[in-house]
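Asks: Can you read through this structure? Questions will come right after.
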Amino acid sequence: MAIHKVIFDTDPGVDDAMALLFLHRSPEVDLVGVTTTFGNGTIDQTTRNALYLVERFGMNVPVARGAGRPLVGEPLDPPDFVHGQNALGNVPIPEDFQGNADPRPAHRFIIDMLRASPGEITIVAVGRMTNLALALREAPDIVGLVRQIVVMGGAFGIAGVQGNVTPAAEANILGDPEAADEITAVDWPLTFVGLDVTQKTFMPTDYLAALATDGGEAGRFIWDVSRFYEAFHHEGGVPSIYVHDSSAVAYLLRPGLYETRSGAIRVSTAGVTRGMTVQKPDGTRYAPCPWDGRPSHRVCTSVDAEGLRELYRTTIVG
Ligand code: BDR
Ligand code: CA
């Protein structure tokens with residue numbers, strides 16, 4: 001069995017918490033660190049949530065606190081109408097809970113870990129790309145050290161969808177478009193699992209209820225943490241929850257569940273399209289343009305959603 005050493009870069013976050021449990025429960029994953037980003041909550045909230053989840057589920061991995069703001073400008077307001085006031089679906093954390101974060105900032109933790117295990121570590125990044133961009137700025141050598149990077153972010157118009165915060169932009173990318181454009185400028189093994197596939201992947205209420213019944217403490221927590229998030233989807237006319245961050249984990253574990261397309265990627269950083277992700281598929285011809293000379297990266301274009309649900313269920317239930 002292939003074992004993936006993983007750093008999980010995350011902004012917990014309801015679906016982040018579900019993805020973290022997916023990684024934790026997978027026998028194919030050796031989780032070597034959690035790094036936090038602002039996004040679904042402030043960096044204080046998401047770091048506290050990550051520390052809580054790691055402790056509650058006995059993960060025994062370091063948590064390194066990441067950037068609290070994007071490379072440029074101010075953070076967007078946390079989407080408390082999606083993830084609740086505490087970014088964990090309003091599932092309370094004991095008031096006296098205090099975790100201990102790693103003393104290093106997240107980007108330094110990433111650099112140290114990659115240098116210590118060249119070619120071995122995969123980064124699953126499901127929040128803003130700020131920590132990755134800061135790591136890259138400080139240590140360009142990490143390009144040759146990472147095994148692969150799987151990003152939940154963006155939308156490439158495959159299914160006619162370009163955004164979920166604006167018509168042009170997905171949340172993780174809109175939260176720091178400059179960072180996203182920087183990480184797509186370098187030639188490292190990078191795959192985007194965007195809304196094109198995550199909004200094609202649902203977990204219905206009865207599926208989540210069965211996890212609560214059969215999945216022990218993790219399954220019950222997934223049920224609890226997803227109640228507020230599910231209500232948000234229902235209010236928006238979506239019949240059941242989209243599977244965003246766990247899709248990045250599923251791609252890592254079973255890339256065969258996805259079809260991909262390769263090509264250079266640019267991220268709009270200006271105007272009404274700020275945060276838009278656009279790929280120039282390999283082999284296509286255009287006039288000279290800002291995609292020229294950029295490396296090719298993969299974008300997921302289709303998903304076997306039933307396969308993902310089966311994998312998630314068997315992993316959580318054990
Ligand atoms: C992404 O944005 C966040 O709200 C979710 O956790 C996910 O990473 C979906 O657009
Ligand atoms: Ca997230």
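Asks: Only bridges whose two residues both fall in the chain count here: according to DSSP, what percent of them are antiparallel, nearest 5?
Replies: Looking only at bridges with both residues in the chain, the antiparallel portion is about 40 percent.
Asks: If you take the Cα Rg of the stretch 212-276 and divide it by 2.2 N^0.38 Å, with N the number of residues, what do you get?
Replies: So the Cα radius of gyration is 1.57 times the expected 2.2 N^0.38 Å.
Asks: So if I average 1/r over every pair of distinct C-alpha atoms in the chain and take the inverse, what Kirkwood radius in Å does that give?
Replies: Over the chain, the inverse of the mean reciprocal pair distance is 19.3 Å.
Asks: A further question follows. Could you give the length gained by full extension between E74 and R254, i.e. 0.36 nm per residue of separation minus their alpha carbon distance, to one decimal place?
Replies: 61.2 nm
Asks: How big is the convex hull of the Cα atoms of the stretch 117-163, per residue, in Å³?
Replies: Spread over its residues, the Cα hull of the stretch 117-163 gives 92 Å³ apiece.
Asks: Taking the square root of 5 times each eigenvalue of the Cα gyration tensor, what semi-axes in Å does the equivalent ellipsoid of the stretch 1-157 have, largest first?
Replies: Each semi-axis is the square root of five times an eigenvalue, giving 23, 19, 15 Å.
Asks: Semi-axes of the equivalent ellipsoid for the stretch 42-121, please: Cα gyration tensor eigenvalues, times 5, square-rooted, ordered largest first, whole Å.
Replies: 24, 19, 10
Asks: Now, a different point. Please work out the average accessible area per residue across the stretch 4-317, using the 1.4 Å probe convention, and give it in Å².
Replies: 38 Å²
Asks: Further question: For the stretch 4-317, what does the relative contact order come out to in percent, with C-alpha contacts under 8 Å and a separation of six or more?
Replies: For the stretch 4-317, the relative contact order is 19 percent.
Asks: For the pair A270 and T213, what calculated FRET efficiency results from E = 1/(1 + (r/R0)^6), where r is the Cβ-Cβ distance and R0 = 35 Å, to the nearest 0.05?
Replies: So the FRET efficiency works out to roughly 0.10.
Asks: I'd like the FRET efficiency for A159 and T284, computed as 1/(1 + (r/R0)^6) with the beta carbon distance as r and R0 of 22 Å, rounded to 0.05.
Replies: 0.70
Asks: What is the spin-label model distance, in nm, from V238 to Q98 if the labels are put 7 Å beyond Cα along the C-beta direction?
Replies: 3.8 nm
Asks: Separate question: Run lengths n ≥ 4 of DSSP H only: what is the helix-derived mean residue ellipticity at 222 nm for the chain, with -39500 (n - 2.57) per run over all residues, to the nearest 500?
Replies: My calculation for the chain gives -10500 deg cm²/dmol from helical runs alone.
Asks: Evaluate the relative contact order of the stretch 140-238 (contact order divided by residue number), counting alpha-carbon pairs under 8 angstrom at least 6 apart; express in whole percent.
Replies: This gives 26 percent for the stretch 140-238.
Asks: Pull out the extension gain between T205 and Q85, defined as 0.36 nm times the separation in residues minus the alpha carbon to alpha carbon distance; nm, one decimal.
Replies: Length gained between T205 and Q85: 41.0 nm.
Asks: Cα extents of the stretch 188-318 along the three principal axes, largest first, in whole Å?
Replies: Result for the stretch 188-318: principal-axis Cα extents of 56, 32, 20 Å.
The values are calculated or read from the model by the stated rules, or taken from the named source; none is laboratory data. Nothing here was measured: the structure is a model prediction, and the numbers come from that model. No Cβ is skipped: glycine too gets one built from the backbone with ideal geometry, and neighbour counts run over all protein chains shown. Note: accessible area is taken over every heavy atom of the protein model, side chains too, but ligands, DNA and RNA are not part of it. Shrake-Rupley method; radii C 1.70, N 1.55, O 1.52, S 1.80 Å.
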